[in-house]
Amino acid sequence: RAAVRRLVLVSDAPPPSGMPPGPAELAGVPVHSDGVRITTPDGRLAGSASGIDAGPRTLVAADIPVGEALSAACEAPRRLLGLPPGFTAGDPADLVLLDGQLVPRLTLVGGHVAHAAPDLPFPVPAIGEPLWSPDQPVGGP
């Protein structure tokens, strides 16, 4: 338990990660994913087939509390890089909204929608559009 604060989640997931297992290409080199790792034809590791979003789920499955697992993916990397915790108004931010099972449901990159689950319980702009702009009213009618 004492080591939990020292956990920092990172990912070496290359572009083929998240794709179904099978053949792919990485920087012009044929690779193969088995769903866990991505390897070159001669068996060398080319990266993880899982993105950073899998890290907190893996930690929770190992009985690490959810808050500490999420901290290892969000706060700990900032601390390691010497960045202050949190965000302030006007900071650029990439954000991910997770469901109760820690599965990404909405992803914003620079405030623009990059991924949105089709069954979100609220309206979301199209992919590539900003989630909010200063000329939009805040809140509902």
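The values are calculated or read from the model by the stated rules, or taken from the named source; none is laboratory data. Given the structure is predicted, the values throughout are model-derived calculations rather than measurements. Quick reminder, even Gly has a Cβ in these numbers, built from the backbone with ideal geometry, and neighbours come from all protein chains shown. The area values use the complete protein model at the heavy-atom level, side chains included, leaving out ligands, DNA and RNA. Shrake-Rupley method; radii C 1.70, N 1.55, O 1.52, S 1.80 Å.
Some notes on this structure:
- Residues that are out of contact with any Lys or Arg (no Cβ under 8 Å at 6 or more places or on another chain), surrounded by 15 or more Cβ atoms within 10 Å (Cβ to Cβ) and either in a loop (DSSP other than H, G, I, E, B) or on the phi > 0 side of the Ramachandran plot (or both) within region 9-59 comprise LEU9, SER11, ALA13, PRO14, PRO16, SER17, SER50, ILE52, ASP53, listed in sequence order.
- Evaluating LEU108 against the criteria (1) in contact with an Asp or Glu (Cβ under 8 Å, 6 or more places away or on another chain); (2) not in a strand (DSSP E or B) leaves one unmet condition, (2).
- Of all residues making up region 94-105, the number that are in a loop (DSSP other than H, G, I, E, B) and at pLDDT 90 or above: 5
- Positions within region 75-87 being open to solvent by 60 Å² or more (accessible area, probe 1.4 Å) and under 30 Å from ASP119 (Cα atoms), in sequence order: GLU75, PHE87
- Residue that is nearest to PRO14 (Cα to Cα), among those in region 24-53 that are aliphatic (A, V, I, L, M) and under 17 Å from the mean Cα position of the chain (by Cα): ALA49
- Selection over region 111-141 of residues that are at pLDDT below 70 and of a type in the set (D, E, K, R) gives a count of 0.
- Qualifying residues in region 110-130 (those that are touching a His at 6+ places or on another chain (Cβ under 9 Å) and either within 22 Å of PHE87 (Cα to Cα) or not β-branched (Val, Ile, Thr) (or both)) - the one surrounded by the fewest Cβ atoms within 10 Å (Cβ to Cβ): GLY128
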